[in-house]
Amino acid sequence: MLDARLRRVIDPALDRLSAPLDRIGLTPNAATVLGFAIGLGAMAAISQRAYGLGLLLLLSNRLFDGLDGALARRRGLTDFGGFLDIVLDFIFYAGIPLAFALAEPGANGLAAAFLVVSFVGTGTSFLAFAVMAAKRGLATDLRGRKSLYYLGGLTEGTETIAAFVLACLFPAWFPVIALVFGGLCWLTTATRIAVAWQMLR
């Protein structure tokens with residue numbers, strides 16, 4: 001819901017930050033993989049209840065997720081780059097609830113499982129629409145220049161990271177955060193199905 005608005009604010013800053021990285025030869029795909037490695041560190045930290053470190057690494061992962069896109073805009077978007085970015089993003093998104101489940105299996109396990117299943121709904125509705133949009137030649141730049149069609153919704157990347165940040169700051173509240181956010185994810189999936197029905201039928 002907030003991604004398009006946030007992009008207008010952060011893209012100029014990311015473009016400036018990416019300039020020195022481009023000069024030293026960091027490729028967009030390398031930035032994607034480096035960010036994912038940091039994300040794995042966030043998962044490991046959270047699973048060991050080091051929530052402050054996990055939050056720092058989580059935010060660093062998101063910084064690199066923005067920088068890889070800025071680097072790609074400098075060097076040119078590629079299909080593989082877009083593929084790699086979205087695959088590793090989705091693994092990261094599912095990995096954070098898993099990390100909370102590992103940290104407190106009894107308290108967090110069920111809520112984490114519900115949230116991951118909710119992400120399946122948002123993820124598949126997002127990717128399936130992108131495939132059909134490509135077949136029809138549909139395009140949008142509301143969320144910046146992308147390698148695939150980004151269909152919006154109530155819960156996008158910004159809202160997901162906000163939920164993760166809240167969970168790191170208030171780990172005892174993870175079950176409530178996960179259940180509420182998972183419910184919002186199902187609303188997103190339902191609205192995307194409705195949009196697809198209108199645009200693709």
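If you go through region 127-155 and keep only what is modelled with pLDDT of 75 or more, surrounded by 19 or more Cβ atoms within 10 Å (Cβ to Cβ), farther than 23 Å from Pro175 by Cβ and in contact with a helix residue (DSSP H, G or I) (Cβ under 7 Å, 6 or more places away or on another chain), you end up with just Phe129.
Confirm whether Phe164 is within 17 Å of the chain's Cα centre (by Cα) and of a type in the set (Phe, Trp, Tyr). So Phe164 fits the description; yes.
The set of residues from region 103-130 being farther than 25 Å from Ile86 by Cα and in contact (Cβ under 8 Å) with a residue 40 or more places away in the chain comprises Ala103, Glu104, Ala107, Asn108, Leu110. Right, Ala107: out of contact with any Lys or Arg (no Cβ under 6 Å at 6 or more places or on another chain), surrounded by 19 or more Cβ atoms within 10 Å (Cβ to Cβ), part of a helix (DSSP H, G or I) and modelled with pLDDT of 85 or more or not? Here the answer is no, as Ala107 does not meet what is asked. Evaluated against (1) within 15 Å of Gly157 (Cα to Cα); (2) crowded, with 18+ Cβ neighbours inside 10 Å; (3) over 11 Å from the mean Cα position of the chain (by Cα); (4) small (Gly, Ala, Ser), Gly66 falls short on exactly one condition, (3). Scanning region 156-170 for residues that are surrounded by fewer than 18 Cβ atoms within 10 Å (Cβ to Cβ) and not in a helix (DSSP H, G or I) gives a single hit, Phe170.
Within region 156-197, track down each residue that is more than 26 Å from Ser60 (Cα to Cα) and free of Cβ contacts under 8 Å to residues at least 24 places away in the same chain. Correct list: Ala190, Ala194, Trp197.
Yes or no, residue by residue, for (1) surrounded by 16 or more Cβ atoms within 10 Å (Cβ to Cβ); (2) at pLDDT below 95; (3) more than 16 Å from the chain's Cα centre (by Cα):
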{"site": "Ala4", "(1), (2), (3)": "yes, yes, no"}
{"site": "Pro12", "(1), (2), (3)": "no, yes, yes"}
{"site": "Arg16", "(1), (2), (3)": "no, yes, yes"}
{"site": "Gly52", "(1), (2), (3)": "no, no, yes"}
{"site": "Asn61", "(1), (2), (3)": "yes, no, no"}
{"site": "Ile86", "(1), (2), (3)": "yes, yes, no"}
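The values are calculated or read from the model by the stated rules, or taken from the named source; none is laboratory data. All values derive from a computational prediction rather than experimental measurement. Glycine gets a Cβ as well: all are built from the backbone with ideal geometry, and neighbour counts include every protein chain shown.
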